1. For Cα pairs less than 8 Å apart in space and 6+ apart in sequence, what is the mean separation divided by the residue count of segment 21-209, i.e. the relative contact order in percent?
2. What FRET efficiency comes out for residue 104 versus residue 127 if R0 is 25 angstrom and r is the Cβ-Cβ distance? Round to the nearest 0.05.
3. Please find the FRET efficiency linking residue 217 to residue 59, where r is the Cβ-Cβ separation and R0 is fixed at 25 Å, and quote it to the nearest 0.05.
4. Among 199-206, 187-194, 172-179, 128-135, how do they line up by average Cβ neighbours within 10 Å per residue, starting with the highest?
5. Report the gain in length on full extension from residue 174 to residue 150: 0.36 nm times residue separation, minus Cα-Cα distance, nm rounded to one decimal.
6. When ranked by the protection proxy of mean other Cβ atoms within 10 Å per residue, highest first, what sequence do the peptides 58-67, 78-87, 162-171 form?
7. Ranked highest first by average number of other Cβ atoms within 10 Å, how do 95-103, 141-149 line up?
8. Can you give the FRET efficiency for residue 80 and residue 191, using 1/(1 + (r/R0)^6), R0 = 41 Å, r = Cβ-Cβ distance, to the nearest 0.05?
């Protein structure tokens with residue numbers, strides 16, 4: 001009797017060419033009428049933005065992307081300006097209409113960390129992010145956030161996210177870069193009063209062509225939006241330190 005050897009293969013080894021399961025998770029989430037909210041975290045150049053853009057393009061080729069909270073709020077104010085409110089004869093609000101072009105769209109909020117070099121900025125950001133993720137449902141919009149890790153993100157956001165993707169990159173045996181994505185869902189433990197992230201899937205991040213417009217926007221954000229703010233904050237810190245030194249010298253003289 002001949003014994004056949006079965007080849008053991010990784011269930012996700014071909015996901016660079018085939019549709020990975022997390023797309024089905026998104027599809028099911030949309031069918032349930034829920035907004036899709038995804039957090040993608042990982043080290044720089046590990047494939048966060050690449051994967052985020054691929055997901056957005058798949059569902060919405062005309063997706064919107066933002067690099068700052070201010071741009072995001074400007075966009076929400078744009079929607080507000082197009083919102084039509086109807087009142088009855090007594091002045092009671094009875095109907096609100098939002099243009100269809102603002103519904104069911106995909107939004108990429110990229111490089112969240114660049115805008116938050118200090119803790120106080122995270123506090124302000126979390127107020128906005130919590131409001132967005134908690135009140136996103138009626139717009140049926142879909143949001144992806146990219147950041148290096150979850151440090152600073154309020155845990156109140158966790159309960160509203162569809163899933164989290166952690167990216168990793170490494171050199172394979174051919175000395176070429178391989179990027180992997182690990183899909184995680186938040187599980188809340190009532191006994192320990194905290195969230196645990198459970199990995200439910202992983203796959204290879206497929207190649208995506210360079211986007212010159214995206215790269216230009218990213219460059220503009222770094223040098224012309226974030227850098228002036230950092231420069232201002234750092235100079236302000238130096239000025240405060242110099243004032244402390246001068247004040248100390250005055251005290252010693254007196």
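Every number in this text was worked out from the coordinates using simple rules, so none of it is lab data. Note that this is a predicted model, so its numbers are computed, not measured. Cβ coordinates were reconstructed from backbone atoms using ideal geometry, including for glycine residues, and neighbour counts include every protein chain displayed.
1. 28
2. 0.45
3. Computed FRET efficiency for residue 217 and residue 59 comes out at 0.80.
4. On the way: 199-206: 17.8, 187-194: 8.5, 172-179: 10.2, 128-135: 16.2.
Going by the mean number of other Cβ atoms within 10 Å, highest first, we get 199-206, 128-135, 172-179, 187-194.
5. 5.4 nm
6. Result, highest mean first: 162-171, 58-67, 78-87.
7. Packing order, densest peptide first, comes out as 141-149, 95-103.
8. That pair, residue 80 with residue 191, gives E of 0.45.
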